[in-house]
Amino acid sequence: MTGRHAPRIVFIVAVIIGGIVGWLAFRRLPVLAPSAPAPTASAPASTSAPTTPTPAAAKPDEPPLEGESRLADNLNAAGGTIQRDLEIVNELFGAWQTNFPRTGNPVGENAEITAALAGSNPLRFAFIPRNHPAINSAGQLCDRWGTPFRFHQISGRQMEIRSAGPDRKFSTNDDALWSVQ
């Protein structure tokens with residue numbers, strides 16, 4: 001190194017090392033806030049009261065268990081709406097994408113996607129607790145009427161989420177849909 005270029009080289013090496021250290025530290029921390037813009041939801045005008053058990057509302061004074069998120073606390077909550085439920089599921093996908101930016105959405109059928117969101121992922125982080133009331137005995141994430149959601153991958157970062165609605169039948173007028181416009 002010549003005396004004239006030494007300060008520049010030292011600065012460049014320091015910036016590179018600092019960037020690597022910061023990147024290594026950042027990629028190990030779970031991030032819970034979704035980074036994707038919120039798409040619009042369309043849903044039926046009328047919905048009936050849920051007939052399946054619903055989780056209690058989140059208790060702000062109780063911290064989440066280590067390695068679990070509170071994002072899904074109000075999923076299928078009494079007094080909630082299917083539109084809010086779809087928004088919460090979309091937020092779960094947003095949190096997933098924030099933590100796994102290179103992989104896009106979790107893939108597979110409902111049970112595989114739910115397992116990934118419930119902690120079967122490289123971070124072993126539960127975006128939704130495995131024992132959440134919205135997860136049925138087959139490991140599928142269900143709407144407030146107990147019907148498993150249908151997930152349709154639009155792209156690596158966009159997921160269409162469909163609820164069968166109160167009649168529990170898909171492709172009828174009361175279906176609710178979360179779709180990226």
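The values are calculated or read from the model by the stated rules, or taken from the named source; none is laboratory data. Just so it is clear, the model here is predicted, and its values are computed rather than measured. Reconstructed Cβ throughout: ideal geometry from the backbone, glycine too, with neighbour counts over all protein chains shown.
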So, first residue under 21 Å from Glu91 (Cβ atoms) in the stretch 152-181, second residue hydroxyl-bearing (Ser, Thr, Tyr) and part of a strand (DSSP E or B), Cβ within less than 7 Å, six or more apart or across chains; the pairs are Asp175/Ser163; Ala176/Ser163; Leu177/Ser42
Here are the criteria: (1) part of a loop (DSSP other than H, G, I, E, B); (2) modelled with pLDDT of 95 or more; (3) of a type in the set (Ser, Thr, Tyr). Tell me which single one Ser155 does not satisfy.
(2)
Go through the stretch 89-115 and count every residue that is crowded, with 20+ Cβ neighbours inside 10 Å, without any contact (Cβ under 8 Å) to a residue 40 or more places away in the chain and outside any loop (DSSP other than H, G, I, E, B).
4
When you go through (1) farther than 13 Å from Leu86 by Cβ; (2) touching a Phe, Trp or Tyr at 6+ places or on another chain (Cβ under 8 Å); (3) surrounded by 20 or more Cβ atoms within 10 Å (Cβ to Cβ) one by one for Asn121, which number turns out not to apply?
(3)
Considering residues of the stretch 72-104 that are within 17 Å of Gly119 (Cα to Cα) and among the acidic types (Asp, Glu) only, the residue farthest from the chain's Cα centre (by Cα):
Asp73
Quick check, is Asn121 touching a helix residue (DSSP H, G or I) at 6+ places or on another chain (Cβ under 6 Å), at pLDDT below 95 and part of a loop (DSSP other than H, G, I, E, B)?
no
I'd like to check something: does the stretch 125-141 contain any residue that is part of a strand (DSSP E or B), free of Cβ contacts under 8 Å to residues at least 24 places away in the same chain and surrounded by fewer than 18 Cβ atoms within 10 Å (Cβ to Cβ)?
no
So, of the residues in the stretch 152-174 that are in contact with a strand residue (DSSP E or B) (Cβ under 9 Å, 6 or more places away or on another chain) and among the polar types (S, T, N, Q), which turns out to be farthest from Gly104 (Cα to Cα)?
Ser163
Can you name the number of the only condition in (1) in a loop (DSSP other than H, G, I, E, B); (2) buried (at least 18 other Cβ atoms within 10 Å of the Cβ) that Ile161 fails?
(1)
